[in-house]
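One structure is given here, and the rest of the page talks about it.
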Amino acid sequence: MSSAVSPKPTAAPPRVRRLLAGNVVARLVALAALGVATVLVARVGGPALVGGFTLLRVLPGLAGVLACAGLPGAAPYFLAGEGRQDPRIRAALGLLTVAGATLAAAGWLVLTPLLHRAFFGTWSTAVTALAATAVFTQLFVAVGKALLQGSDDMRGANVAIAAEEAAFLPCYVALLPLGPGLGPVLAALVLADVAVSAGIAVRLARRGFFTGWRRPGLPLAGRICG
């Protein structure tokens, strides 16, 4: 009576191991940068400012993802498949990013009184309204990272993951002379988003993402959002 022999597990290919290691390192760098930023903000403004900083890191991104129907999750799926060669899909992803960021920022402005009452009562209504700029810029970073992943540019995506958190530090340090309030924190977050988004755009341009775009049409945009 013969017994079945279980096949030996095969090791992951070297490229997979490199990609995994690179992603882990990028996330560790991002966590370390976020930790340093949190400590710095706490030293400047205490627990209240840390709370505001945390809200500005979470709520704008959430608003953007909701407004664009989860585009950061859908982008790699469509781009890694037929989208890499289909200029209509690349155009749709780009236009949906702009539309989603605009809609999210507009919605934030409309809901400013409610957001101020619920989350930002310690600071002025004007600062709460200005946070719409972070809503707008944050979505470009979120979708940009997804586009790099969908384009099989994992090195670029990993750099963007790390830079998203690390870029805040020099921006905030430069703005510290403006005072210990939430305004410099918000401005630093927006400047960091702009810098990282610009780097992502350059990386995508070098890979031909913006070349040969064709009008995508509403059915395709609806399929992506769906």
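Quick rundown of the values:
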| read-out | value |
| --- | --- |
| Computed magnitude of the charge dipole of the chain (debye, nearest 20; Cβ of K, R +1, Cβ of D, E -1) | 620 debye |
| Two-site FRET efficiency, Leu28 against Arg215, from Cβ-Cβ distance with R₀ of 35 Å, rounded to 0.05 | 0.25 |
| Gaussian network model of the chain, Cα within-10 Å springs - most flexible of Leu79, Leu20, Leu93 | Leu20 |
| Dipole of the chain, positive direction: furthest Cα of Pro47, Leu139, Pro13, with charges on the beta-carbon | Pro13 |
| Net lengthening on full extension, Arg223/Ala99 (0.36 nm per residue, minus Cα-Cα) | 43.1 nm |
| Alpha-carbon centroid distance for the pair the range 176-220 / the range 102-169, whole angstrom | 10 Å |
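Only the coordinates and a few stated rules stand behind these numbers; no lab work does. Every value quoted in this text rests on a predicted model; they were computed, and no experiment measured them. Cβ coordinates were reconstructed from backbone atoms using ideal geometry, including for glycine residues, and neighbour counts include every protein chain displayed.
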